[in-house]
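The values are calculated or read from the model by the stated rules, or taken from the named source; none is laboratory data. Everything numeric in this text was worked out from a predicted model, so none of it was measured. No Cβ is skipped: glycine too gets one built from the backbone with ideal geometry, and neighbour counts run over all protein chains shown.
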Amino acid sequence: MMSSSRSSLAFWLRLVLVAFIFAALEIYGRFYADPAFMSPPSGIFRAFVERILPEPKIIEALFLCVLQIAAAYGLSILFGTLTGLLVGATSFSRSAFFPIVLLLFAIPQVSLLPLVILFFGLGPAAKIAFGFSHGVFPIIMNVVAGMRDVKELHLRAARSMGASRSETIRHVILPHAVPSLFTGLRLGMTMTLLGVILAELYVSTGGVGYYTRLFAENYNPAPLFALIGCLAVIAILFNELVRLAEKRLTPGLRRSAALTNLVKE
Amino acid sequence: MSESAISIRNVSQRYGDAGAPDSVLALDDISLEVRKGEFVCLLGPSGCGKSTLLNVIGGLFKPTSGMCHVAGRLVDGSPHPDKIAFVFQESTLFPWYSIIENFRIALKFQGIPQSEWDDRAMQALKAVGMSSFASHYPDQLSVGMRQRVNMARGICVETDILLMDEPFAALDEQTRMVLGEDLSQLLAATGKTIVFVTHSLAEAVFLSDRIVVMSARPGKIKTIIDVNEAHPRSPDFMLEPRFSELRNECYALLRDEIRSTMAAQRDPQSAGA
């Protein structure tokens, strides 16, 4: 099929581009760059194997980081979805409460970070709180938006069929909001990561942030980049998790298997 | 046949408070009797209140004044899903449910026992020739197929009365004609009472026993045209001179209404004077 050969071509093109960037970085890092500021990819990989993996404290710090993100994200999902459902339930509750959500979301939260640290201390609690306060808003906003955009015709049809208020919510309003919820969950994931890592970098006594600063201040870029690489992998894994959940749980996406069958027929 | 299925007495519908500047009188003192098993089309320019009237009959709107009885029961702004089913445009199918799930949910809302859901659904799908698409999702079907399914969903609830609100409006003309023929066949077999809203002249003549021609806002019944032709109707009916005559008669009645509506839209001041 044409589309499959096209997508495999796109895959190889992507691979070539990434390989090219790595090669360029390798050449620049080896022969031209100041070793105090940059390390070639091979050096970063060596640092990962020799300086990160054998260091149980760094592994522990990374593990703690994952736990903080998971905790902050879990809280964001729980409170974000519940608040979203309550605010979005009726047009009255929406017009009453949604402006508050929008106002809070508009505040640049970084300016509150010192306050968060003062309040929650230097440990994981502050990171979880900051990750939560970042992650919860996109979820609330998207749940509310999803419930608001339900089609008038669908509501009228449900009513004409004799659906009760709770049946309408369960079978019409909620399924309609699911794709929007997942948009919120994906944005919320990105924001949670941002919040946790910002708080880590701002102050940390033994977490990922502590080691990042340690390496940076000692002009030791190889392990620094290796650590940043680990954070990137964590971020990708969390995002993949959300994407998989979306694929499994969105009613509209379950059809993709059936659609493939249809095309094959 | 003389038994009345739907009885509308002096129904008026006003949006907004009377006297308020944005208040609109959508229906003005409408009275209409629809016999059992009759196919009635409401025909009129857009904005003449045909859909409003349908929603009043179906209990989705409460009329500002007047009364509407369906099967002897007063309908007063609350739906009677055991007696009345609606068919809207094809986009009313819930996109998050597969076709069969769309039927199940309609039957569930209507309060039909679960054991009957799948039998009834498959029977209705078979009637419109769509039974092999039960597990597809609406957006995997063409617009015409979706409307077939949507019609079947309205039929599977097995109400005596079917209200259809411009069900074919989103379809192209050819699909629309074919579905119209199918509908005529299908309904001749079931003996349902049908009120059908349309702004297509050919559709109205082809499907109806009686055409209720409505005037522009405020909606009033201008005249009622009888189409004496037995159901089910074949496409040959469209080639008969009588078909064109009726169609032209409807157009002559509507032309002035459409012009005055358009004039009102262009220049509200002069139309009011």
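In the stretch B:78-96, the qualifying residues are those that are facing chain A (nearest Cβ under 7 Å) and without any contact (Cβ under 8 Å) to a residue 60 or more places away in the chain, and the one that is farthest from B:R176 (Cα to Cα) is B:P79. Restricting B:G49, B:G129 to those that are more than 8 Å from chain A (Cβ to nearest Cβ), at pLDDT below 85, surrounded by 23 or more Cβ atoms within 10 Å (Cβ to Cβ) and under 26 Å from B:L171 (Cβ atoms) reduces the list to B:G49. Those helices (runs of 4 or more DSSP H) of the stretch A:39-119 in which 1 or more residues are closer than 22 Å to A:T183 by Cα and of a type in the set (S, T, Y) occupy A:56-88, A:91-106. Got at least one residue in the stretch A:18-37 being within 24 Å of the chain's Cα centre (by Cα), part of a helix (DSSP H, G or I) and surrounded by fewer than 17 Cβ atoms within 10 Å (Cβ to Cβ)? Yes: one or more hits. If you check B:M122 against the conditions, is it more than 26 Å from B:R35 (Cβ to Cβ), more than 10 Å from every other protein chain (Cβ to nearest Cβ) and at pLDDT 85 or above? So B:M122 passes the test.
Residues that are assigned to a loop (DSSP other than H, G, I, E, B) and in contact with a strand residue (DSSP E or B) (Cβ under 7 Å, 6 or more places away or on another chain) were ranked within the stretch B:60-77; the one that is farthest from the other protein chains (Cβ to nearest Cβ) is B:T64.
Restricted to helices (runs of 4 or more DSSP H) entirely inside the stretch A:173-265, those with at least 3 residues that are modelled with pLDDT of 85 or more and either in contact with a helix residue (DSSP H, G or I) (Cβ under 6 Å, 6 or more places away or on another chain) or farther than 30 Å from A:L122 by Cβ (or both) are A:174-202, A:208-217, A:221-249.
Within the stretch A:151-178, residues that are touching a residue at least 24 places away in the same chain (Cβ under 8 Å) sit with their Cβ atoms under 8 Å from residues that are surrounded by fewer than 20 Cβ atoms within 10 Å (Cβ to Cβ) and of a type in the set (D, E, K, R), at 6+ positions apart or across chains, in these pairs: A:H176/A:D149; A:H176/A:K151. A count restricted to the stretch A:158-215 and to residues that are more than 14 Å from chain B (Cβ to nearest Cβ) and under 22 Å from the mean Cα position of the chain (by Cα) stands at 26.
Specify the residue that is farthest from the other protein chains (Cβ to nearest Cβ); the eligible residues are those in the stretch B:97-119 that are over 19 Å from B:L163 (Cα atoms) and aromatic (F, W, Y). Ranking the candidates gives B:W117 first.
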